[in-house]
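Taking it in order: structure first as structure tokens, then the write-up.
Laboratory data are not the source of any read-out in this text; all were calculated from the coordinates shown. Keep in mind that what you see is a predicted model, and the values were worked out from it rather than measured. Methodologically, a virtual Cβ is constructed for each residue, glycine included, from the backbone with ideal geometry; neighbour enumeration extends over all protein chains shown.
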Amino acid sequence: MSLKTFCLDQEVLENFRRLQNGDTKAKEWLAEKIAYLCIGYEEIYPCLLKKNCMVSKQEWESQRDDARQDIILKLMENKLQYKHDHGKLLTYFITIIIHWLIDQKPTMEVHKKKVPKEVPYIPESEIEQDEFSHSQPQSHEAKAAIDLFKEQKNSDEIRLKKEYLQEVQMQTCLKRTILKLWRPYLFQYRFERDECRLLESKSNTVSDLQDQLRIKIHQQIEKASKNIAISPNDIAGWLQCSRNSIDRHLTVLRDKLPWLQKEKLSEALATQDISDEE
């Protein structure tokens, strides 16, 4: 059972209410359930980003059982003080886990989130990626685009210039949504209302999707990936359509918005705070 499923389970919430009243059977029931929790890295990653500290997936998986045992120990020692009216149980558990990870600093490397020294730029297609790996050194324009990743504290601070944002706004809702899913860091992982409605009509929760996008992009940055963009396969899954359909839309977007091409992207990116441009 995932942490999120556990925390939304009505029987779990009821047992926490009983625990507040000193019910020892509720404590035993909860301890047994927690023992079988499978706490995924993706469930804690967004909070790690917000706390500006980083634990790799491998580090988390090696420590996950210990973290789960620490939660059980706190439960048995009556140190879990969750009350239903104090907020979401999921937030409470993640906070406990993050604090536990920070306390492990002497035995596990928990480091400040930072962008790698070198982030190679992305070819615009999977075919181009294969060619790109054997190509000549990148142009000055492509290197300038890469530098923005290195200069910013995180990808949320990368912005498009106002005139290029206006060009995006002139596209259809579907094309805007595909573009924002493909390169979400250009739009600070935000969606307009009509784009949100489209995503929700395809059974997506926008806030959860934004977290997934941040995770995928930051993992690519940390691994110095050659392609800092979301896979068309993922986009096709979220929009419940074929990969070929997404590829066709991306081709049209590159034609209508030529600054999306790898050697022209840097000219569309703002180097100052957007508030200074308005």
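For region 1-95, the orientation-averaged shadow of the C-alpha convex hull comes to 5.9 nm² (one quarter of the hull surface).
Measuring against 21 Å, Cα to Cα, the residue pairs K161/K264; K33/K83; K4/K33; K57/K180; K180/K264; K33/K74 contain K57/K180 as the ones spanning a longer distance. Region 57-103 has equivalent-ellipsoid semi-axes of 21, 13, 8 Å, by the square roots of 5 times the alpha carbon gyration tensor eigenvalues, sorted largest first. Gain on full extension, evaluated as 0.36 nm per residue between E42 and S201 minus their Cα-Cα distance, stands at 54.9 nm.
What's the FRET efficiency of E61 with R248 using the Cβ-Cβ distance as r and R₀ = 30 Å, to the nearest 0.05? All intermediate terms of the calculation are to be shown ahead of the outcome.
Working: r = 38 Å, r/R0 = 1.28.
In this case the efficiency is close to 0.20.
A crude spin-label estimate for the pair Q81 and Q10, with each label 7 Å from Cα along the Cβ direction, gives 3.0 nm.
Per-peptide packing, taken as the mean over residues of other Cβ atoms within 10 Å, places 231-241, 166-176, 209-219 in the sequence 209-219, 231-241, 166-176 from highest down.
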